[in-house]
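Down below is the structure, laid out as structure tokens.
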Amino acid sequence: MSTRKHTALPKAEILIEALPWLTRHHGRTVVIKFGGNAMVNDQLKAAFAQDVVFLRHAGLRPVVVHGGGPQISAQLDKQGLVSEFRAGLRVTTPEAMDVVRMVLAGQVQRELVGLLNQHGPHAVGLTGEDAHTITAVKHQPQIDGELVDIGRVGEITRIDTGAIEALLDDGRIPVVSSIARAADDGHIYNVNADTAAAALAAALGAETLMVLTDVEGLYEDWPHSDEVISRLTASELEKLLPELASGMVPKMEGCLHAVRGGVRTARVIDGRVEHSILLEIFTDEGIGTMVVPDPPEATGGKRP
Ligand SMILES: Nc1ncnc2c1ncn2[C@@H]1O[C@H](COP(=O)(O)OP(=O)(O)O)[C@@H](O)[C@H]1O
Ligand SMILES: CC(=O)N[C@@H](CCC(=O)OP(=O)(O)O)C(=O)O
């Protein structure tokens, strides 16, 4: 009897280590972005669903925003359409937009909703089109000083959190695809999923934004070193932004937008690690990169 008690002790210690986090986050909203590159295999996706349902049962209000970049590229390829990225965003023709919507809302979102709902009637899928959740205008990035047309790519102008809040109040887990609608015509737009997750986190007044990707976190000197920056302030991140490349740009811009918008911490973590969400939050150290608001001195004494 005493031996059995003894072997269970580390499990109790893990739960106790989680107690301050659980107390602080009880009733709080956590936005979790699951990147297409982090959806490596079925076991990992199932573990992701378990973690999210665990948070829900622990009294948090998780919102999932999912990506699907590699899955969209594979489908475009199957249909003989090319994938081109400019300024880190997919050049989205009207034809490609149909594929983006089909893959995100019809495949990736459905799969995640299905996995979450294996644990009960929790998840409800929606896209930014539903209930005017995400409104956008056409985005025209500047490349070498010139405005470039990259098709149906949207820049978020408005978030209506009504539908998501209603689902959360009803104990559901919203699963959101990063597609937006235009306010003035019937167009729909492709939005980068990191950008959508960050905008939702800020609009929902989330406690935490968690971005699951296919690297351990933000590398200090990528691609030359794999030294992960474990913690940085909003101002430190802002200085670093011009040096960042490819997929990290919308991710870290999103983290900055979120913490400047009132989200308490934004984290980039390795989604290829099974149960990475629980590992990040239920241990003191954390496993990825954490972005925090500037200390009060740097913002004139006011908390951002
Ligand atoms: N400083 C950096 N630290 C880590 N990864 C970086 C960095 N700069 C660029 N990257 C790239 O960003 C990628 C993650 O972005 P992305 O491919 O869009 O993933 P996701 O599908 O999860 O959104 C990494 O796999 C890596 O190739
Ligand atoms: C405009 C734009 O680039 N949209 C992205 C939307 C999906 C996404 O962001 O997926 P990940 O998070 O897996 O990268 C795309 O078409 O790939």
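Tell me the net charge near residue 142. Cut-off is 15 Å between Cβ atoms, residue 142 excluded, with +1 for each Lys or Arg and -1 for each Asp or Glu.
Working: positive: 86, 138; negative: 144, 146, 149, 155, 253.
Residues near residue 142 contribute -3 overall.
With all protein chains present, how much of the accessible area of the stretch 132-193 (probe radius 1.4 Å) comes from carbon and sulfur, to the nearest whole percent? Intermediate values should be presented prior to the final figure.
On the way: 1160 of 2830 Å².
Carbon with sulfur: 41 percent of the solvent-accessible area.
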Quiz item: If we count every other residue with Cβ under 9 angstrom of residue 198's Cβ, Lys/Arg +1 and Asp/Glu -1, where does the sum land?
Solution: 0
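What dipole magnitude, in Debye to the nearest 20, does the stretch 209-251 give about its Cα centre under +1 on Lys/Arg Cβ and -1 on Asp/Glu Cβ?
Details: 3 positive and 9 negative charges, 46 e Å.
Approximately 220 debye in magnitude.
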Exercise. Please express the Cα-Cα pair-distance distribution P(r) of the stretch 191-269 as a list of whole percents, one per 10 Å bin, running from 0 to the bin with the greatest distance.
Key: 20, 57, 22, 1
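Treat the stretch 114-227 as a sphere of radius equal to its Kirkwood radius over Cα pairs and apply Stokes-Einstein at 37 °C in a medium of 0.692 mPa s; give the translational diffusion coefficient in µm²/s, rounded to a whole number. Let's see the in-between values first.
Values: Rh = 16.1 Å.
The diffusion coefficient I find is 204 µm²/s.
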Practice problem: Send over a whole-number figure in Å² for the accessible area per residue of the chain, probe 1.4 Å. | Solution: 48
Practice problem: Only Cα pairs under 8 Å and at least 6 apart count here; give the relative contact order of the chain as a rounded whole percent. | Solution: 21
Exercise. Please provide three numbers in whole Å: the alpha-carbon extents of the stretch 26-149 along the principal axes, with the largest listed first.
Key: 49, 31, 26
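Defining a contact as two alpha carbons under 8 Å apart and six or more residues distant in sequence, what relative contact order in percent does the stretch 111-221 show? Don't skip to the end; give the middle numbers.
Numbers: 165 pairs, mean separation 29.8, N = 111.
With pairs under 8 Å counted, the relative contact order is 27 percent.
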Quiz item: Could you give the dipole magnitude of the chain about its Cα centre, charging the beta-carbon of Lys and Arg +1 and that of Asp and Glu -1, in debye to the nearest 20?
Solution: 1000
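Return one quarter of the surface area of the convex hull spanned by the alpha-carbon atoms of the chain, equal to its mean projected area, in nm². Could the numbers behind the result be given before it?
Numbers: hull surface 73.2 nm².
Answer in nm², one decimal: 18.3.
The values are calculated or read from the model by the stated rules, or taken from the named source; none is laboratory data. Treat the numbers as computed from the prediction; the structure is a model and nothing was measured. Ideal geometry is used to build each Cβ from the backbone, glycine not excepted, and the neighbour counts take in all protein chains shown. Quick note on the areas: whole protein, heavy atoms, side chains included, nothing else; ligands and nucleic acids left out. Shrake-Rupley method; radii C 1.70, N 1.55, O 1.52, S 1.80 Å.
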